[in-house]
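The block underneath contains the structure these notes are about, expressed in structure tokens.
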Amino acid sequence: MSTIIKEFSRFAHAYDSHNMIQAEVAKRLVSKLPKKHYSSILELGAGSGEVTKNLAKHRIDYAHLMAFDSSVNMLSLHPSADNIVKIAGDFNKRDFADTLAQKEYELILSSSALQWSQDLDFTLEQLSKLSKQLHAAIFTSNTFKTLHRTAGVTSPIYSAERLQEALSKYYKSVTFEVHTYTLYFDSVREMFRYIKKSGVSSGEKKLSYKETRSLMKKYPLDYLEFEVLFVEARNIDKIA
């Protein structure tokens, strides 16, 4: 089991109270969709269903939705319905597409998940085969940039430039939009508690207790920085 799966699973029931930024990101992602009905949607990295909940709020319906996530515990919190199928799996595995009930979808939606792709080219190539349309929100390496700089560590996720380069290889038409967010805290201790429980620290180099204490003393801000790349990609000339 990867570190990412462990962190999201361990705090699954506390996750919704610690994912303020992820909730805002999912809301914006869904608000940018051009249609009110889709025949089939693959929700990649579905988690507790923030994207699906926003589809309902925006009155966007679908005949079929596949909720795919690495954590069974998170999927247990995802909305259920007759037209929603939940599958637990890892999109980093070479055979992940074989676990899906369908091999083609009208739309792939992914919020706050693709930054954890271990092989970006492999992942995007597979997604481009599963659907001609991808709408995604991806956290970039500028997330926690001051924290990383203060700790002397490198971000474990991709830069916006690397993401844009890769996406442009697999889709004919791609538009990008970068948004930054800040989340303020009353104390550095509260900030570090958020990092641990929100899941956004998944995959990062773990600091020792001594290193963490030192970082808490040296961190110069009372907020955390987030950068998200919003992507609209397609391999069709126009959307009907």
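Here are the numbers for the structure shown:
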| read-out | value |
| --- | --- |
| Principal-axis tilt of helix 188-198 within the chain, Cα atoms, nearest 10 degrees | 30 |
| Fluctuation leader among Asn83, Asn54, Asn19 - the chain, Gaussian network, Cα springs under 10 angstrom | Asn83 |
| Helix 209-218 vs. the chain, principal-axis angle (Cα, 0 to 90°, nearest 10) | 80 |
| Which listed pairs, of Lys53/Lys197; Lys169/Lys196; Lys57/Lys93; Lys32/Lys53, have C-alpha distances above 26 Å, in listed order | Lys169/Lys196; Lys57/Lys93 |
| 3J(HN,Hα) from dihedral phi, the range 96-106, Karplus parametrisation 6.51/-1.76/1.60, rounded to Hz, x for glycine, proline | 4, 5, 5, 7, 7, 6, 10, 10, 8, 10, 5 |
| Segments 43-51, 167-175, 129-137 sorted - mean Cβ within 10 Å per residue, highest first | 43-51, 129-137, 167-175 |
| Between the range 25-67 and the range 111-153, the alpha-carbon center distance in angstrom | 19 |
| Nitroxide proxy distance, nm - points 7 Å out along Cα→Cβ at Met216 and Arg28 | 3.1 |
| Between 0 and 90°, nearest 10: helix 20-31 axis offset from the chain longest Cα axis | 20 |
| Sequence-separation-based contact order of the chain, relative, with Cα cut under 8 Å and 6+ spacing, percent | 22 |
| Charge sum, other residues only, whose C-beta stays under 13 Å from Lys86's C-beta, Lys/Arg counted +1 and Asp/Glu -1 | -3 |
| Helical mean residue ellipticity (222 nm; -39500 (n - 2.57) per DSSP H run of 4+; nearest 500) of the chain | -10000 deg cm²/dmol |
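Only the coordinates and a few stated rules stand behind these numbers; no lab work does. No experiment lies behind these values; they were computed from the predicted model shown. Neighbour counts are summed over all protein chains in view; Cβ atoms, including those assigned to glycine, are modelled from backbone coordinates with ideal geometry.
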